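The values are calculated or read from the model by the stated rules, or taken from the named source; none is laboratory data. In this text, all values refer to a predicted model and were calculated from it rather than measured experimentally. Positions of Cβ are generated from backbone atoms using ideal geometry, with glycine treated the same way; all protein chains shown enter the neighbour counts. Just so you know, the surface numbers come from the protein's heavy atoms only, side chains and all, with ligands and any DNA or RNA stripped out. Shrake-Rupley method; radii C 1.70, N 1.55, O 1.52, S 1.80 Å.
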Amino acid sequence: MNAIHGTTKSARMRRLSVVALGVLATAIGLAAPADAAGDYGSKIFSINDPYFEATDSNGTFTAQVSYGNGNPVALSFRLSAYLVGISTSPMTCTSWQFRNGAFTGTSDNHANIPTSYFWHWTFPTNYLGDNMQASGNCRFRVNVNGNSGTANVNFRFDYVVGDGGLPPFAPTKPGGEKNPFTAAVTID
């Protein structure tokens, strides 16, 4: 125990290891800075605009609403070629649906799938005008320049299924439109 700092040598080494992995992740472009305000914007779907797609350094995400019979939203996520290239194991991916901030009980899970897998799923019920969210995580082992770890790709997509042209209730985002999709990678 170090009386000056109140920590053991092994605790300091663990803290240094975590910091080193964080620096490594940032240096190779895996860590994305978080939006300071946590304000990611929202996609407001309409009959004339039922599709969304976003690509970043972590992968490509899509969402599409089919109006009628519960207004199902089909979603997909595919890891970037870089992340597939550094993976050393299959991945497990899980997504959860939230309505007005509360978990709906709807989720999707795919275990032990190849990192190159085109992961797709559907949230079958989406109420018109409600603030909906798809949050998810894909987890797999990686090796970056001889350093092994576990990658966690977390994503979030905020959306509203509009009522076909009339302005639905939706969160107002000051400061202009922001991307409703975010993804970040951490390596443990």
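Tabulated data
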{"read-out": "Where a residue in region 97-111 is farther than 18 Å from Val161 by Cα and its partner, wherever it lies, is in a strand (DSSP E or B) and open to solvent by 60 Å² or more (accessible area, probe 1.4 Å), with Cβ under 6 Å and at least six apart", "value": "Ser107/Trp96"}
{"read-out": "Within region 105-121, tally of residues that are closer than 26 Å to Gly68 by Cα, of a type outside the set (D, E, K, R) and buried (at least 17 other Cβ atoms within 10 Å of the Cβ)", "value": "3"}
{"read-out": "In region 151-179, the residues that are surrounded by fewer than 21 Cβ atoms within 10 Å (Cβ to Cβ), under 20 Å from the mean Cα position of the chain (by Cα) and either at pLDDT 70 or above or on the phi > 0 side of the Ramachandran plot (or both)", "value": "Asn152, Asn154, Arg156"}
{"read-out": "Looking only at region 51-79, and only at residues there that are more than 13 Å from the chain's Cα centre (by Cα) and among the polar types (S, T, N, Q), the one that is surrounded by the fewest Cβ atoms within 10 Å (Cβ to Cβ)", "value": "Asn69"}
{"read-out": "Condition broken by Thr92, with the remaining ones in (1) at pLDDT 95 or above; (2) surrounded by 15 or more Cβ atoms within 10 Å (Cβ to Cβ); (3) outside any loop (DSSP other than H, G, I, E, B) satisfied", "value": "(2)"}
{"read-out": "Residue tally, condition farther than 16 Å from Thr186 by Cβ and either among the charged types (D, E, K, R) or surrounded by 15 or more Cβ atoms within 10 Å (Cβ to Cβ) (or both), over region 80-89", "value": "2"}
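Matching residues to (1) in a strand (DSSP E or B); (2) on the phi > 0 side of the Ramachandran plot:
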residue: Val84; (1), (2): no, no
residue: Gly105; (1), (2): yes, yes
residue: Asn112; (1), (2): yes, yes
residue: Tyr117; (1), (2): no, no
residue: Arg139; (1), (2): yes, no
